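Q: Supplied in structure tokens, the structure appears directly below.
The values are calculated or read from the model by the stated rules, or taken from the named source; none is laboratory data. It should be emphasised that the depicted structure is a prediction, and the values quoted were computed from it without experimental measurement. Here the Cβ positions follow ideal geometry from the backbone for every residue, glycine too, while neighbour counts run over all protein chains shown. Only protein heavy atoms, including side chains, enter the accessible area calculation; ligands, DNA and RNA are left aside. Shrake-Rupley method; radii C 1.70, N 1.55, O 1.52, S 1.80 Å.
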Amino acid sequence: MSQISAQDRETLETWIRAATTEQRLVTRARIILALADGCTNKQAAEHLEVRTATVSKWRGRFAKAGPAGLCDQPRSGRPPTYTRETEMRVLSTLDAPPPDGYAQWNGSLVAAALGDVSASQVWRILRAHGISLQRRRSRCVSTDPRFAEKAADVVGLYLDPPDNAAVIRVDEKPTSRPPSATCGWPGTETCTSATRPRTRAGSTGSRCTRRRPSRSTRIYVAKY
């Protein structure tokens, strides 16, 4: 092998000295330096304990591309098992009603419905889109299969109320005790629990304050 340039020799020696260089790259650099010092392919192979074909391979690569020829070429790798189409199939399945006997989808049900997608991949796709099928965001979860349809009707009353109609809303906590005082009849803007006197600690008098209702109940009447 003919002599290599000083710059190429410095590059190869730097690779050999560097602690972070891959050992396979170090071996290739040693092969080229051994050949540049006058060794034959067989002598370099015996000295570095590699095959003669290996020495011949990297000798040819270095002659064509220099030090860059000693680096591995980028590889495409294994083709992905799941594609963008798989992701869209998972998301589309969530728009369909769940199987009979289930109130909502989960990863195993979606995987079983698709047939060729694993449950772990389904959960991976859901996490990527920030979808949590099992999360509970309220104290009450309706099992009514028509809950979404009914909720849309209620929301529609607030967004676009009909003409000459009254909208009444009642909010309450299902696990609270009933209030000790009854609410007034519709006709007032807001109905709350009654008031009771309360004596503050350290004072001799009392003042009338509004007691916090034990059940959060509000009735709103829109008059037309």
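Q: Consider residue 27 against the criteria (1) assigned to a helix (DSSP H, G or I); (2) open to solvent by less than 40 Å² (accessible area, probe 1.4 Å): it satisfies all of them except one. Which criterion is unmet?
A: (2)
Q: Only one of 34, 6 is of a type in the set (A, V, I, L, M), modelled with pLDDT of 90 or more and open to solvent by 60 Å² or more (accessible area, probe 1.4 Å); which? Give the derivation first.
A: Working: 34 fails: open to solvent by 60 Å² or more (accessible area, probe 1.4 Å).
The conditions single out 6.
Q: Determine if region 10-19 includes at least one residue that is open to solvent by 60 Å² or more (accessible area, probe 1.4 Å), more than 16 Å from residue 72 (Cβ to Cβ), part of a loop (DSSP other than H, G, I, E, B) and out of contact with any Leu (no Cβ under 9 Å at 6 or more places or on another chain).
A: Checked region 10-19: at least one residue is open to solvent by 60 Å² or more (accessible area, probe 1.4 Å), more than 16 Å from residue 72 (Cβ to Cβ), part of a loop (DSSP other than H, G, I, E, B) and out of contact with any Leu (no Cβ under 9 Å at 6 or more places or on another chain).
Q: What's the total number of residues in region 24-45 that are under 12 Å from residue 71 (Cα atoms) and not hydroxyl-bearing (Ser, Thr, Tyr)?
A: Pass one, region 24-45, residues under 12 Å from residue 71 (Cα atoms): 24-29.
When the remaining residues are screened for being not hydroxyl-bearing (Ser, Thr, Tyr), the result is 24-26, 28-29.
Of the residues in region 24-45, 5 are under 12 Å from residue 71 (Cα atoms) and not hydroxyl-bearing (Ser, Thr, Tyr).
Q: When you look at residue 68, is it in a loop (DSSP other than H, G, I, E, B), open to solvent by 50 Å² or more (accessible area, probe 1.4 Å) and of a type in the set (A, V, I, L, M), yes or no?
A: no
Q: Check off (1) open to solvent by 40 Å² or more (accessible area, probe 1.4 Å); (2) in a helix (DSSP H, G or I); (3) free of Cβ contacts under 8 Å to residues at least 40 places away in the same chain for residue 59 and give me the number that stays unchecked.
A: Only one criterion in (1) open to solvent by 40 Å² or more (accessible area, probe 1.4 Å); (2) in a helix (DSSP H, G or I); (3) free of Cβ contacts under 8 Å to residues at least 40 places away in the same chain is unmet by residue 59, namely (3).
Q: Scan region 1-23 and report the pairs whose first residue is within 13 Å of residue 66 (Cβ to Cβ) and whose second residue is acidic (Asp, Glu) and modelled with pLDDT of 90 or more, with Cβ atoms within less than 7 Å and a gap of 6+ or a chain change.
A: Correct list of pairs: empty, since none qualify.
Q: Look at region 80-111 and say how many of its residues are open to solvent by 80 Å² or more (accessible area, probe 1.4 Å) and outside any helix (DSSP H, G or I).
A: Summing the residues that are open to solvent by 80 Å² or more (accessible area, probe 1.4 Å) and outside any helix (DSSP H, G or I) in region 80-111 gives 8.
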